[in-house]
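Asks: Below: one structure in structure tokens.
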Amino acid sequence: MMKKLACSVCALLCLFLNQTFACTTFCLVGKGEVLFGRNYDWTIGDALVLVNKRGVAKTATIIDSDNGAKWISKYGSVTFNQYGRENPTGGMNEMGLVVEQMWLSDTEYPKVDARPAVGSQEWIQYVLDNSATTAEAIKNAEGVRIESEVKVHYLINDKAGNTASVEFLKGMMVVHTGANLATPTLTNDTYDNSLNYAKQTDVAKANSNESLDRFTRAVKKTKDFEKRPLADEQAVAYAFEVLSDAAQKNRTDTWTQWSIVYDQKRSRIYFRTLQSPQIKSVDIKAFNYSCGTPVKMFDMNAKESGDVTAKFTDYTRKANRDLIERSFNGTSFLKDTPAMARLYVASYPESFTCGSAK
């Protein structure tokens, strides 16, 4: 019963996302730098930054499938989670691979087949858990099937600067990478439609908050980066400039809640939020990713600045439950979710164990 209620929560989530969800992602590659930028545009900004362990046996929370995916995480990761642990919007693993999602109304996932199934956000954790490079991520993605009503597409980038967009159109996985990815940018239209628009549009006229205009401006700035000798802090600052330019500034229903910059060469993550605009940084090399050691967490909106790596604390179910309470209560269509369903969502990740998959 609790599983069915949790499934209903996800279905409601997708209906609201279809109306308001908008985001911007891009990769900056040049002069030895590899960075990934991401704006999260949504109605609320509560989230936990979580440290996920390697060597953990996991089972997908697919409710209506008899073939939920099972796997053992090969790599640890740091992810940003708004609606509970193991359901990230994005993150970076210890190998420097970044995966982020954005809404895409055109999404149509493959029909039921022999492949094991995962949810749309679990897909992110699955790829981070199992992939060191973009090529591995694509190969791993081909081996599972997304079962979800939440319509998203993904941008992936590895430490070497290899980028891929992954979309699901007309029931097929569509990947743009290498020579087929003219610019490492993605917003909320298909990659092909976005690129065609950018080619035909004067960037000076692409000044709205709409997806295609945000894509066009980000394309211009990513190409400019390749020509500029920026490194380290300057490169990170430039990435935040791009995110500021793409931010939702004049909307009453949706705001840019988070801006995240992944410095993939140095294994650092920088972020700021609408509630806490001071830039914080995390050194992902500093964490112990061994299975059996405590999962670590950090409140994304904490009133801190600078390096917050040492300020992560041990994960608790209460913290996960409190996050779910805030996020559900702050999302109009989730306010009436029963307490037992919320508890199930909060406690399910604790069923995972070290070692062999069940």
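Asks: Please verify whether F287 is among the aromatic types (F, W, Y), farther than 15 Å from A47 by Cα and touching a residue at least 12 places away in the same chain (Cβ under 8 Å), treating the condition exactly as stated.
Replies: Taking the combined requirement at face value, the residue satisfies it.
Asks: Tell me, yes or no, whether segment 134-155 has at least one residue that is surrounded by 16 or more Cβ atoms within 10 Å (Cβ to Cβ), assigned to a loop (DSSP other than H, G, I, E, B), modelled with pLDDT of 95 or more and touching a Pro at 6+ places or on another chain (Cβ under 7 Å).
Replies: yes
Asks: I want to confirm something. Restricting to segment 120-133 and keeping residues that are part of a loop (DSSP other than H, G, I, E, B) and at pLDDT 95 or above, which single residue is farthest from S105 (Cα to Cα)? I'd like the intermediate steps shown before the answer.
Replies: As a first pass, look at segment 120-133 and keep what is part of a loop (DSSP other than H, G, I, E, B): 120-121, 131-133.
Imposing the further condition that a residue be at pLDDT 95 or above reduces the set to 131-133.
Numbers: S131: 27, A132: 29, T133: 27 Å.
Applying the filter and picking the extreme gives A132.
Asks: Please pick out the residue among L274, L323 that is of a type in the set (A, V, I, L, M) and crowded, with 20+ Cβ neighbours inside 10 Å.
Replies: The match here is L323.
Asks: Looking at segment 61-80 only, could you name the residues that are modelled with pLDDT of 90 or more, in a loop (DSSP other than H, G, I, E, B), within 30 Å of Q257 (Cα to Cα) and not polar (S, T, N, Q)?
Replies: Those that are modelled with pLDDT of 90 or more, in a loop (DSSP other than H, G, I, E, B), within 30 Å of Q257 (Cα to Cα) and not polar (S, T, N, Q): Y75, G76.
Asks: What number of residues within segment 82-119 are in contact with a Lys or Arg (Cβ under 8 Å, 6 or more places away or on another chain), closer than 27 Å to D314 by Cα and assigned to a loop (DSSP other than H, G, I, E, B)?
Replies: So the count comes out to 5.
Asks: Search segment 196-221 for residues being closer than 25 Å to D106 by Cα and touching a residue at least 24 places away in the same chain (Cβ under 8 Å), and hand back the single one that is surrounded by the fewest Cβ atoms within 10 Å (Cβ to Cβ).
Replies: Filtering first and then ranking leaves N209.
Asks: Tell me yes or no: at least one residue of segment 171-194 is touching a residue at least 60 places away in the same chain (Cβ under 8 Å), surrounded by fewer than 16 Cβ atoms within 10 Å (Cβ to Cβ) and over 19 Å from the mean Cα position of the chain (by Cα).
Replies: Within segment 171-194 (the criterion being touching a residue at least 60 places away in the same chain (Cβ under 8 Å), surrounded by fewer than 16 Cβ atoms within 10 Å (Cβ to Cβ) and over 19 Å from the mean Cα position of the chain (by Cα)), the answer is yes, since at least one residue qualifies.
Asks: Which members of segment 300-324 meet the condition of being assigned to a loop (DSSP other than H, G, I, E, B) and touching a residue at least 24 places away in the same chain (Cβ under 8 Å)?
Replies: Scanning segment 300-324 gives M300, N301, A302, K303, E304, S305, V308, F312, Y315.
The values are calculated or read from the model by the stated rules, or taken from the named source; none is laboratory data. Being a predicted model, the structure only gives us computed values, none of them experimental. Using ideal geometry, Cβ is built from the backbone for each residue, glycine included, and neighbour counts are taken over all protein chains shown.
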